[in-house]
Amino acid sequence: MKFNTKTIHAGQMPDKATGAVVIPIYQTSTYKMDEINVHKGYDYSRSGNPTRNSLEECLASLENGRFALAFSSGLAAEHAVLSTLKPGDHIIAAEDMYGGTYRLFEEVFKPYGIQFSYVGGNTIDFEKAIKQATKIFWIESPTNPLLRIIDIAKVSAIAHKNNIKVVVDNTFASPYFQQPLLLGADLVIHSTTKYIGGHSDLIGGALIVNDEEWYTRLKFLQNAIGAVPGAFDCWLTLRGIKTLSVRMKKHEENALQIAYFLESHPKINKVYYPGLPSDPFHNLAKQQMTGFSGMISFKLDKGDQKAANSFFKKLKIISLAESLGGVESLICYPSAMTHASIPEAQRNAIGVTKDLIRLSVGIEDAEDLIEDLSNAINY
Ligand SMILES: *Cc1c(COP(=O)(O)O)cnc(C)c1O
């Protein structure tokens with residue numbers, strides 16, 4: 001099956017019991033056994049649920065992976081990956097990353113003895129930071145919020161030479177535009193809250209992995225830790241996935257128009273969007289992605305929270321809100337919102353400064369979004 005067909009059919013064959021074309025919401029916590037531990041494949045919904053299984057099968061298929069596991073949030077999925085490590089193990093992460101991931105590293109797993117190094121996005125930066133204890137390279141591409149592109153194939157080659165695994169957070173690209181496992185990555189993470197769910201109506205996460213041993217351990221942890229999504233959220237996620245292709249095309253089409261508008265605007269100092277031919281990551285993005293997705297960051301010429309606030313207040317269609325990847329356009333102020341948990345000095349060093357704005361371009365009409373931005377830029 002090709003991608004669009006998979007979004008509709010992978011893991012979503014008509015229900016065997018009733019013929020229902022759409023997978024039912026199996027809203028049950030438990031399942032009747034015929035005798036002790038003899039059952040139809042399900043014994044308790046933390047361990048397994050048919051609606052969740054359907055979602056997992058679909059996600060594995062979309063990422064061209066063997067196995068997928070669904071979680072109650074993107075961070076819960078990350079928590080499971082980190083829980084496969086032992087005290088003393090070392091992770092090298094690209095420094096431009098979601099603030100919540102940084103917080104999970106520093107404030108939850110560091111006290112348990114996991115070590116973290118943060119590096120730039122070049123292959124050489126990863127290579128130089130390798131220690132005896134390094135187990136994982138952890139990257140986002142495109143990165144949040146600066147939309148940098150990391151060469152997944154090259155970074156994976158270095159990792160594998162050193163017996164290190166590569167984890168790619170593919171939330172910003174979605175499997176529609178990028179499939180990291182095909183580029184050499186070992187595990188893909190999604191916050192399905194974002195493009196995969198696509199309608200800003202649920203919180204969810206997922207892991208997709210090929211290695212059976214790692215999968216078995218992660219599946220054990222999914223059940224043993226217990227951060228599983230409910231059947232209704234799995235069903236909503238599947239419903240979102242059915243339109244992933246058409247949504248992603250429109251997100252990208254709108255984002256490109258808006259990026260050109262912002263780039264030519266005298267009051268905008270800088271635009272970060274890998275789809276712009278002027279973007280330093282344009283060629284690398286073209287090489288490993290089939291499109292540039294719908295996330296744009298930019299810098300206002302007056303760079304403080306007050307200026308940003310008056311800009312946000314003038315917006316009529318675009319909402320100031322956390323999150324991204326929904327059908328509606330959302331805008332945010334990373335330094336005090338999504339990335340507030342990264343210390344200020346470190347934020348500044350990375351480039352997440354007080355003039356930076358992040359825009360998740362929705363699937364409205366681009367003309368309306370440009371008019372909204374245009375009116376608000378005269379803050
Ligand atoms: C939102 C996000 C996460 C965390 O996912 P939740 O579903 O909010 O827990 C992780 N990585 C990236 C890139 C994100 O944007």
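Observations on the model:
- Euclidean distance between Cα centres, the range 12-47 to the range 277-338, Å: 42
- For the chain, modelled as a GNM whose springs connect Cα atoms under 10 angstrom apart, the maximal fluctuation among SER319, SER174, SER297 occurs at SER319.
- Within the chain, percent of DSSP bridges classed antiparallel, to nearest 5: 55
- Rounded to whole Hz, the Karplus (6.51, -1.76, 1.60) HN-Hα couplings of the range 201-215, x for glycine and proline: 10, 7, 10, x, x, 7, 10, 10, 8, 9, 5, 5, 5, 5, 4
- Mean accessible surface per residue for the range 324-379, computed with a 1.4 Å probe while every protein chain stays in place, in Å²: 33
- Mean shadow area of the range 68-207, taken as a quarter of the surface of its Cα convex hull (nm²): 7.7
- Base-10 log of normalised Debye intensity for the range 210-313 (one unit scatterer per alpha-carbon) at q = 0.10, 0.15, 0.18, 0.19 Å⁻¹: -0.54, -0.88, -0.95, -0.98
- Of all accessible heavy-atom area on the range 244-377, the percent that carbon and sulfur account for (1.4 Å): 52
- Across the range 24-36, coupling constants 3J(HN,Hα) worked out from phi with the 6.51/-1.76/1.60 Karplus curve, θ = phi - 60°, read x, 7, 7, 7, 9, 8, 8, 9, 5, 9, 6, 9, 4 Hz, and Gly and Pro carry x.
- All-pairs Cα distance distribution in the range 201-254, expressed in whole percent, bin size 5 Å: 4, 15, 18, 18, 18, 13, 8, 4, 1
- Eligible lysines near LYS128 by straight Cα distance, threshold 24 Å, same-chain separation 8 or greater: LYS86, LYS110, LYS154, LYS161, LYS165
- Net charge contributed by nearby residues that have their C-beta within less than 12 Å of GLY294 (K/R +1, D/E -1): +1
- Only lysines eight or more places from LYS299 in sequence, or on another chain, were considered; those with a Cα closer than 22 Å are LYS267, LYS270, LYS313, LYS314, LYS316, LYS354.
- P(r) histogram, all alpha-carbon pairs of the range 1-125 included - 10 Å bins from 0, percent: 10, 28, 28, 22, 11, 1
- Between the Cα long axis of helix 50-62 and the first principal axis of the chain there is an angle of about 50°, rounded to the nearest 10.
- Overall, the anisotropy analysis places the range 289-379 in the oblate class: the square-rooted eigenvalues a ≥ b ≥ c of its C-alpha gyration tensor yield a/c not less than 1.5, with a/b not exceeding b/c.
- Summed side-chain charge close to LEU104 - residues other than LEU104 whose Cβ falls under 13 Å, Lys, Arg +1, Asp, Glu -1: -2
- With the highest mean first, a sort of the peptides 366-373, 140-147, 241-248 on other beta-carbon atoms found within 10 angstrom per residue produces 140-147, 241-248, 366-373.
- With only Cα atoms counted, the range 94-174 has Rg and Dmax values of 12.3, 33 Å.
- Heavy-atom accessible surface of the range 3-241: percent carbon and sulfur, 1.4 Å: 53
- Counted charge near ILE150, where neighbours are those whose Cβ lies closer than 12 Å (Asp, Glu -1; Lys, Arg +1): -4
- Under the convention that each Lys and Arg Cβ holds +1 and each Asp and Glu Cβ holds -1, the size of the dipole of the chain around its Cα centre is about 240 debye.
- Cβ charges +1 (Lys, Arg) and -1 (Asp, Glu), total dipole of the range 76-223, debye: 240
- Hz values of 3J(HN,Hα) by residue in the range 249-261 - Karplus curve (6.51, -1.76, 1.60), Gly and Pro given as x: 4, 6, 4, 5, 4, 5, 4, 5, 4, 5, 4, 5, 4
- Bins of 10 Å, starting at 0 and running to the largest distance - Cα pair percent for the range 168-225: 22, 47, 29, 2
- Rg/Rh (Cα only; Kirkwood hydrodynamic radius) as it applies to the chain: 0.98
- For the chain, the relative contact order comes to 17 percent (Cα pairs under 8 Å, sequence separation of at least 6).
- Where the range 130-218 is the region considered: accessible area per residue in Å², 1.4 Å probe: 32
- Cross-link reach is defined here as a Cα-Cα straight distance under 20 Å, omitting same-chain residues fewer than 8 places apart; for LYS306 the aspartates and glutamates meeting it are GLU322, GLU344, ASP355, ASP372.
- Taking the range 244-377 and dividing mean pair separation by its residue count, relative contact order in percent (alpha carbons under 8 Å, at least six apart): 29
The values are calculated or read from the model by the stated rules, or taken from the named source; none is laboratory data. For clarity, every value in this text was computed on a predicted model and none was experimentally measured. FYI the Cβ positions are ideal-geometry reconstructions off the backbone, even for glycines, and counts take in every protein chain you see. Areas reflect the complete protein model, heavy atoms only, side chains present, ligands, DNA and RNA absent. Shrake-Rupley method; radii C 1.70, N 1.55, O 1.52, S 1.80 Å.
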